[in-house]
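Structure, as structure tokens:
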Amino acid sequence: MKRYIFILFFTSAILFGQTEIDNKLKDTLTSQILDPLRPAKAGFYSAVLPGLGQVYNKKYWKVPLVYGAIGTSMYFYIDNKKQYNIYRDEYKNRLAGNKSNSEYLSRLSESQLMSAQKQFRRNSDLSLLCAVGFYALNIIDANVDASLSQFNVNNQLAFKPLIIKDTTLKNDLIISCIYTF
């Protein structure tokens, strides 16, 4: 008899243990739809028109920086190119035996004209290199910003450095890093 009661109790416990309870925990994190082409679109837009990728990423404050950097570089490229052409034309006119129209340029020697040409040529090349570099940086910035904008950054994700001075020993310092997910 005790045996039947034990089996009855054991099987009923198993049966009641198998019932499904509808106490599901709700997920507090909202899932965000990730667009894998977002960085490529932002980079493409910035390649077509500098600053358009920053507008696509809604970082409007970066657009004046992009145009300021590229515009300043292009201004110095054009200005140095004009100065180079002035000194080059004066040097060619002297080699041809023509007199100079400018009083300032007529006082310069041929070696000074050559030196000025080299300087302005170097400066124009550097200015063009800077403009191309800022253009590439514009594309990279739009791409990276679009990639990083899809990361989950909320208060639950944290990195807290902690420095504790040990009171028991005078010369010990405890450094720890706490990651919270």
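The values are calculated or read from the model by the stated rules, or taken from the named source; none is laboratory data. Keep in mind the model is a prediction, meaning the values are calculated, not measured. Glycine also receives a Cβ, built like all others from the backbone with ideal geometry; neighbour counts cover every protein chain displayed. The accessibility values were calculated without ligands, DNA or RNA, using every heavy atom of the protein model including side chains. Shrake-Rupley method; radii C 1.70, N 1.55, O 1.52, S 1.80 Å.
Quick look at the values:
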| quantity | calculated |
| --- | --- |
| Boolean, residue 98 is under 30 Å from residue 140 (Cα atoms) and modelled with pLDDT under 95 | no |
| Residue 35, sole failed condition from (1) more than 30 Å from residue 111 (Cα to Cα); (2) assigned to a helix (DSSP H, G or I); (3) touching a residue at least 40 places away in the same chain (Cβ under 8 Å) | (2) |
| Filter pass, residue 50 being of a type outside the set (Val, Ile, Thr), open to solvent by 80 Å² or more (accessible area, probe 1.4 Å) and at pLDDT 90 or above | no |
| Conditions (1) within 30 Å of residue 51 (Cβ to Cβ); (2) surrounded by fewer than 17 Cβ atoms within 10 Å (Cβ to Cβ); number of the one not met by residue 130 | (2) |
| Criterion: in contact with an Asp or Glu (Cβ under 9 Å, 6 or more places away or on another chain) and open to solvent by 90 Å² or more (accessible area, probe 1.4 Å) - qualifying residue of 108, 95 | 95 |
| Selection status of residue 118, over 20 Å from residue 57 (Cβ atoms), modelled with pLDDT under 95, among the basic types (Lys, Arg) and open to solvent by 80 Å² or more (accessible area, probe 1.4 Å) | no |
| Count of the range 53-68 residues which are open to solvent by 40 Å² or more (accessible area, probe 1.4 Å), at negative phi and basic (Lys, Arg) | 1 |
| Flag for residue 70 being of a type outside the set (Ser, Thr, Tyr), out of contact with any His (no Cβ under 8 Å at 6 or more places or on another chain) and touching a residue at least 60 places away in the same chain (Cβ under 8 Å) | yes |
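Listed here are the residues, each with its yes/no results for (1) at pLDDT 95 or above; (2) open to solvent by 40 Å² or more (accessible area, probe 1.4 Å); (3) among the hydrophobic types (A, V, I, L, M, F, W, C).
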site: 70; (1), (2), (3): yes, no, yes
site: 85; (1), (2), (3): yes, yes, no
site: 91; (1), (2), (3): no, yes, no
site: 103; (1), (2), (3): no, yes, no
site: 126; (1), (2), (3): yes, yes, yes
site: 138; (1), (2), (3): yes, no, no
